[in-house]
Amino acid sequence: MSMQQLLDTVRSFDGVLELAPTEGSAFPEIAWGDHFFYYAPDGQIPGGQPYATFVTKDYPGDAGSGLDAPGRWRINIHVGKRAAAELVAGPEQGCAHDFGAQDVLLPHPIHQGWIAVVDPGPDTTPTLLELVRGVHEAAKARVRRRTV
């Protein structure tokens, strides 16, 4: 699945808020071209982190995925520490990872509780779709609990 197809899928979720900073926007230049997803039916950026991000370049301290190469991108999904540990073995289990590997479910190179996939393909797309829908629904449930 292409980045555009996956973006369109996430954009179709009810109550989704996408931040997609561009050149000249109020957001830092490092974020330009990336996408950040929240559940925010009121259209207001909620406090806290997004539940999913699509990044198109290396960030300082996070260059192991090789995203500065043309056409490379990575989806990151905040699934929580327990789910991340169930999905992928991390360094705490003695596993070393090639964070530049394509179409492989990996722990996020920096952030605990997040999983990441560089250039998703047939091996990871079904899992990614399930995970991103699940974290969207979990974010929706948290908002509903706070407003009741």
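Each reported figure results from applying straightforward, stated rules to the coordinates on display, with no laboratory input. Being a predicted model, the structure only gives us computed values, none of them experimental. Backbone-built Cβ (ideal geometry, glycine too); neighbour counts: all protein chains shown.
What you get for the chain, charging only the Cβ of Lys and Arg (+1) and of Asp and Glu (-1), is a dipole of about 680 debye around the Cα centre. Legend: Rg and Dmax of the chain, from Cα coordinates, 15.1, 46 Å. Potential lengthening of the chain between residue 96 and residue 29 amounts to 21.0 nm, from the contour at 0.36 nm per residue minus the alpha-carbon distance. Multiplying the residue separation of residue 9 and residue 145 by 0.36 nm and removing their Cα-Cα distance gives an extension gain of 46.4 nm.
Each residue in 12, 25 was given a count of other beta-carbon atoms within 10 angstrom of its own, and listing them fewest first yields 12, 25. Can you compute the FRET efficiency between residue 45 and residue 127 using 1/(1 + (r/R0)^6), with r the Cβ-Cβ distance and R0 = 22 Å? Round to the nearest 0.05. Efficiency, rounded to the nearest 0.05: 0.20.
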